[in-house]
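Visitor: Questions regarding the structure given below will be posed in turn.
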Amino acid sequence: REGEGALSVDREVPEGTVMPYLMMGRDLLAVETVPAGSLCALGGLGGLVIKGGTLCSEPNLPPFRPIWDATGTGAPIVRVAIEALRPADMAALQAGLRQLNQADPSVEVSHLDSGELVLGTCGEVHLERCLRDLKDDFARVEFKVSPPLIPFRESVATGSVGAAETRTADRRYKLRVVARPLSAGAVAWLSARARLCPSVEDDGAEAAARAAEAMLADGDGEELGEGAAGALERLLRGESPLLSLGSSESCPKGACEDADMAELGASAGCVAVGLGPAVHPTCVLFASKPIASALAAARAGGVTAADEAGGSDVAALLICFAPAIVAGFQAAAGSGPLCEEPMAGLAFSI
């Protein structure tokens, strides 16, 4: 499976496509198997893998992070948006960017949700060379380049607390949202594990959970308590938002949950139910336990769960509203109120 990167495809290589070669100096020797410890090459991947990939017997394993990305070597620091002067040349521009991305390990090409094609390079001189190669050798079309893009993140000052209220259309029920800074430990914990958050297809959920468990075991979670880190870990794995923490004589179950959520920055009586924005999330949505139960029921049964709630109008209403609450949180976290940039380091309690 191909690694992360825009203008790339996430698909499996058909069986029989890869041809192994044993590297013997300047020569390549076609072989059926390669002995351990030998240097080999793989042929037949030119149109499938752009820059790097993951070899694994598990078809649903998420791709590993590229080596150059993990070490931080040659990380892009200058990003510009590129657009073809003629709409008919857009396909050629995309093909040229794909070739440039494959030819230069330090180049990063991404396709934003807004439709922009963004080229990331290691500096101004590197950018000039990449633009010249793209125009003369790879795309061979005329294009315009934007000024350097500067990424922003929106957040709030330490100690700030904001609240907002709204009512349903029939004026019978009221929703209250409180926003405050997420704890520094939680922000650091999520930032270190941001790569685990992309969604996984349903048939690969188990493999993704195993991979997440192995990677989380290597992380440093000393900045957070065991219960708080466990709640965030369940969200990363896509498990039920409801906590199932054990109780002890010194700390009853309810008191432990409240203490763990307060450590993250939640309001009293709320539990963690969601992460946002979709890319590199460092915002957490907390909800009261009735809303968290409704969200779990909506994910499990949808309309059927609402019908079974029969006796409680409030429970049935919450089950219907729960998906909209999460979608609203994702929209708000992905586009802040100041300059429509993603928000970071915030805790929303509803």
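Visitor: Can you tally the net charge around LEU346? Count Lys and Arg as +1, Asp and Glu as -1, for every other residue whose Cβ sits under 15 Å from the Cβ of LEU346.
Guide: Local net charge: 0.
Visitor: Using a Förster distance of 30 Å, how high is the FRET efficiency between ALA327 and ARG86, based on the Cβ-Cβ distance and rounded to 0.05?
Guide: Once rounded, the FRET efficiency stands at 0.20.
Visitor: If you wrap a convex hull around the Cα atoms of region 57-186, how much volume per residue is inside, in Å³?
Guide: Once divided by residue count, the hull of region 57-186 is 259 Å³.
Visitor: Follow-up question, since we're still on this one. Ignoring ligands, DNA and RNA, please state the percent of accessible area on region 45-187 from carbon and sulfur, probe 1.4 Å.
Guide: For region 45-187, the apolar C and S fraction of the accessible surface comes to 55 percent.
Visitor: To continue, here is another question. Which order do peptides 328-334, 151-157, 264-270 fall in by mean Cβ count within 10 Å, highest first?
Guide: Output ranking for 328-334, 151-157, 264-270: 264-270, 328-334, 151-157.
Visitor: Rounded to the nearest 0.05, what FRET efficiency do ALA192 and ALA259 give with R0 = 25 Å and r taken as the Cβ-Cβ distance? Could you check?
Guide: It comes out at approximately 0.65.
Visitor: Please compute the contact order of region 30-180 in relative form: average sequence separation of alpha-carbon pairs under 8 Å and at least six residues apart, divided by the residue count, as a percent.
Guide: It comes to 22 percent, rounded to a whole number.
The values are calculated or read from the model by the stated rules, or taken from the named source; none is laboratory data. Everything numeric in this text was worked out from a predicted model, so none of it was measured. Reconstructed Cβ throughout: ideal geometry from the backbone, glycine too, with neighbour counts over all protein chains shown. For the accessible areas, the whole protein counts, side chains as well, though only heavy atoms, and no ligand, DNA or RNA atoms are used. Shrake-Rupley method; radii C 1.70, N 1.55, O 1.52, S 1.80 Å.
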